[in-house]
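Right, one structure below, let's go through it.
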Amino acid sequence: KAGVTQTPRYLIKTRGQQVTLSCSPISGHRSVSWYQQTPGQGLQFLFEYFSETQRNKGNFPGRFSGRQFSNSRSEMNVSTLELGDSALYLCASSLGAQGQETQYFGPGTRLLVL
Amino acid sequence: AQSVTQPDIHITVSEGASLELRCNYSYGATPYLFWYVQSPGQGLQLLLKYFSGDTLVQGIKGFEAEFKRSQSSFNLRKPSVHWSDAAEYFCAVARMEYGNKLVFGAGTILRVKS
């Protein structure tokens, strides 16, 4: 079974631009969560989607948004990029959304904002 | 407030020596507890998890962890470290009412001396 895939793997953008990251979960998984990883703030939860509905959202500004499609693939969008948005963005998928699920992480998309 | 503390930022052990990585949490009722490992340039891989029952849980790669409610701790152990264990280790917590949202500790970087 293929793992979680994220595209693109690397991305360079300039301040003020917007970016869309994609996550394809493991086949059959209906939950997708997104995390931001930075050296200063560590791993922080962005949001979780289950069956196309956002179930939880972290403490990030409205510039960060996401969605999930009927095939469970998910995208996250960051508008008006700031230097501080430079980070590794990880997505994770799981079968359900009850908290005790094993979440499988993708390799991440490394975003650099110049 | 929900928090996870990993007091050791860096740990160095000799190959073949035992290892213990500390994790303390503050999350109200007994949460779901996880340990993840991240190798450079990789996503996160689940080592083990605890929900209930036996407080000593076994994971992959020879790791185990012990849940101690009285100390709000979930320390990770391995009796004999291998050079390939060098990586960053993250303790994380979740609660059913928050879905799959994981709150991570800051991580502990493990270096293995040969």
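Nothing in this text is a laboratory measurement; each read-out follows from the coordinates by a stated rule. None of the values given here were measured: they were computed from a predicted structure. Methodologically, a virtual Cβ is constructed for each residue, glycine included, from the backbone with ideal geometry; neighbour enumeration extends over all protein chains shown.
Summary table below
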{"item": "Label-point separation, B:Thr5 to A:Asn59 (7 Å along Cα→Cβ), nm", "result": "1.8 nm"}
{"item": "For region A:1-51 versus region B:10-61, the gap between their alpha-carbon centres in whole angstrom", "result": "23 Å"}
{"item": "Size of electric dipole in chain B: Cβ of Lys, Arg +1 and of Asp, Glu -1, about Cα centre, debye, nearest 20", "result": "100 debye"}
{"item": "Chain B: most fluctuating residue of B:Ala29, B:Ala86, B:Ala94 per GNM, C-alpha cutoff 10 Å", "result": "B:Ala29"}
{"item": "Summed side-chain charge close to B:Trp35 - residues other than B:Trp35 whose Cβ falls under 13 Å, Lys, Arg +1, Asp, Glu -1", "result": "0"}
{"item": "Beta bridge orientation in chain B: antiparallel %, DSSP, nearest 5", "result": "85 percent"}
{"item": "Peptide ranges A:97-103, B:11-17 listed from the most packed, as the mean C-beta count within 10 angstrom indicates", "result": "A:97-103, B:11-17"}
{"item": "Unit charges on C-beta of K, R, D, E only; dipole of chain A, Debye", "result": "160 debye"}
{"item": "Efficiency of FRET between A:Ser51 and A:Ser79 - r from beta-carbon atoms, R0 25 angstrom, step 0.05", "result": "0.50"}
{"item": "Nearest-0.05 FRET efficiency for A:Thr102 and B:Thr30, computed from C-beta distance (R0 30 Å)", "result": "0.95"}
{"item": "Calculated FRET efficiency for the pair B:Met96/B:Arg22, C-beta based, R₀ 25 Å, to 0.05", "result": "0.50"}
{"item": "From phi via Karplus (6.51, -1.76, 1.60), per-residue ³J(HN,Hα) for region B:78-94 in Hz, x at Gly/Pro", "result": "8, x, 8, 7, 10, 4, 6, 7, 4, 4, 10, 10, 10, 8, 9, 10, 8"}
{"item": "Relative contact order, percent, region A:17-114 [alpha-carbon distance under 8 Å, six or more residues apart]", "result": "33 percent"}
